[in-house]
1. With the condition kept exactly as written, say whether any residue in segment A:21-34 is part of a loop (DSSP other than H, G, I, E, B) and under 21 Å from A:Ser149 (Cβ atoms).
2. Restricted to segment A:87-100, and to residues that are more than 16 Å from A:Ser153 (Cβ to Cβ) and modelled with pLDDT under 90, which residue is most open to solvent (accessible area, probe 1.4 Å)?
3. For chain B, which fully contained strands (runs of 3 or more DSSP E) count at least 1 residues that are open to solvent by 30 Å² or more (accessible area, probe 1.4 Å)?
4. Scan A:Thr137, A:Thr174 and give me the residue that is at pLDDT below 95 and within 12 Å of chain B (Cβ to nearest Cβ).
5. For segment A:1-27, name all the residues that are farther than 26 Å from A:Asp184 by Cα and touching a residue at least 12 places away in the same chain (Cβ under 8 Å).
6. Being in contact with a Pro (Cβ under 7 Å, 6 or more places away or on another chain) and hydrophobic (A, V, I, L, M, F, W, C) is the filter here; which residues of segment B:1-39 pass it?
7. Filter segment A:1-48 down to the residues that are under 17 Å from A:Met61 (Cα atoms), away from chain B (no Cβ under 12 Å) and among the charged types (D, E, K, R) and list them by number.
8. Given the conditions (1) more than 20 Å from A:Ser149 (Cβ to Cβ); (2) within 14 Å of chain A (Cβ to nearest Cβ), report the number of the one that B:Glu32 does not fulfil.
Amino acid sequence: MIAPEQVSRILLPRPNRQEILQHCERKLAGNYLPGEARDRRACGLVAGVQMEHTLDVKRIMELKRNVRDQEPYKTYMDRIMNQYAVPSKTPLSQRGWITDPVELKECCDRCDKDNLIILGTYHTHIVPWEHDPARDTPTRLDTVLARSSNLFSFIVSMVDQTRPIIRAFYEGSTEKETLIVIRDNHRLGTN
Amino acid sequence: MPKVIIPSPLRKHADNRREVIVDGDNLKGIMERLLRQYPGLQIINQDSAFLSIFVNSRLIRTGIDKWDTLSLNNRDEITLLIPIAGG
C-alpha cells in the first residue's frame, strides 16, 4: 500500500462535507446532544478507503466526548498547551481536545466491521488571529499533537460561517497539505 | 494465543496487518513480544499518557509497572489505541 504521506488527493463527497459542516454549525450554535461535551468546538473522525494515491472518504463520525480535562490526559495537555499554544483570548483550559478512548474504540470497531480505515480527524477553528485571519491551517499545537499519527488533520475554518473552509494536512503539517476534491455525484470539483 | 488488534493508523508499523497473534499469558509479556516483532510500534511508547489498551472491551487503567499481573487467556483480544488530540 502507498504510504499515506504520498497521497495526492482526497475525494470528499459533498454529503460528507455537509455532515462535517452541520456538526460544526450545531456545536457553535450551542445545540448539544445528550452526553456531548458542552464546548463550542467540533471534533470528529474521517474514515474511508485508500486507492493508491487517492483517499476516498466514506464516513464522518462525530466525536461527542472530550477527555482533555481528565487525568492522565490533563497533565499532558496542560504541559503541551503551555509550551506550544499561541496566546489567545480563549483560556488554555478551554482549548485542546482529546478523544475519549472508549468512544474512539467504538469508532474503530465500526470502521473495521465495514472495511474502512481511519483517514483523519477534523476540528474547528473559529477565532481569527491577527497573523492568521482565516485560521484554515493547523496551528503549531495542532502539528505537535498530530505528529506521528499517520492521519490527516482536516481543519475546518468557521471564522466566517457563511464561507467555511476545509483543508487537509498530513500529520497536521502545513508543509504537507493534500488537495481535497469535492465529489458531487459523478462530477468532481475543488473545495 | 491472544490476539492483538492494530488500529488502522498504526498498521504501517506492523506490515499493514489488522491483527497479530502473540504468544504469552500476561499483558507485559505480550506487549514485549509484539514490540520485538514490530519495532516500529515502539511509537506507542512515545508518551505513555496517550496509550490506551483494551482487553476485549475493557479499558485497562492499570499502570505499565503492573502489566505482568494482568493474566490473559487464549481467547482474549487486546486492542491498542492512541487517543487522537488537537488544539
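1. no
2. Taking segment A:87-100 as the starting set, the residues that turn out to be more than 16 Å from A:Ser153 (Cβ to Cβ) are A:87-94, A:100.
From what's left, modelled with pLDDT under 90: A:87-94.
Details: A:Pro87: 119, A:Ser88: 41, A:Lys89: 196, A:Thr90: 44, A:Pro91: 62, A:Leu92: 59, A:Ser93: 69, A:Gln94: 109 Å².
Among residues in segment A:87-100 that are more than 16 Å from A:Ser153 (Cβ to Cβ) and modelled with pLDDT under 90, the one most open to solvent (accessible area, probe 1.4 Å) is A:Lys89.
3. Values: elements: B:3-5, B:19-21, B:52-55, B:77-81.
Of the strands (runs of 3 or more DSSP E) lying wholly inside chain B, those with at least 1 residues that are open to solvent by 30 Å² or more (accessible area, probe 1.4 Å) span B:3-5, B:19-21, B:77-81.
4. When all the criteria are applied, what remains is A:Thr137.
5. First pass over segment A:1-27, keeping only residues farther than 26 Å from A:Asp184 by Cα: A:1, A:3.
Listed by number, the list holds a single entry, A:Met1.
6. The answer is B:Val22, B:Ile30.
7. Across segment A:1-48, the qualifying residues are A:Arg14, A:Arg17, A:Glu19, A:Glu25, A:Arg26, A:Lys27, A:Glu36.
8. The one condition B:Glu32 does not meet is (2).
The values are calculated or read from the model by the stated rules, or taken from the named source; none is laboratory data. Just so it is clear, the model here is predicted, and its values are computed rather than measured. Note that each Cβ is placed from the backbone with ideal geometry, even for glycine, and that neighbours are counted across all protein chains shown. Keep in mind that these areas ignore ligands, DNA and RNA; they rest on the heavy atoms of the full protein, side chains included. Shrake-Rupley method; radii C 1.70, N 1.55, O 1.52, S 1.80 Å.
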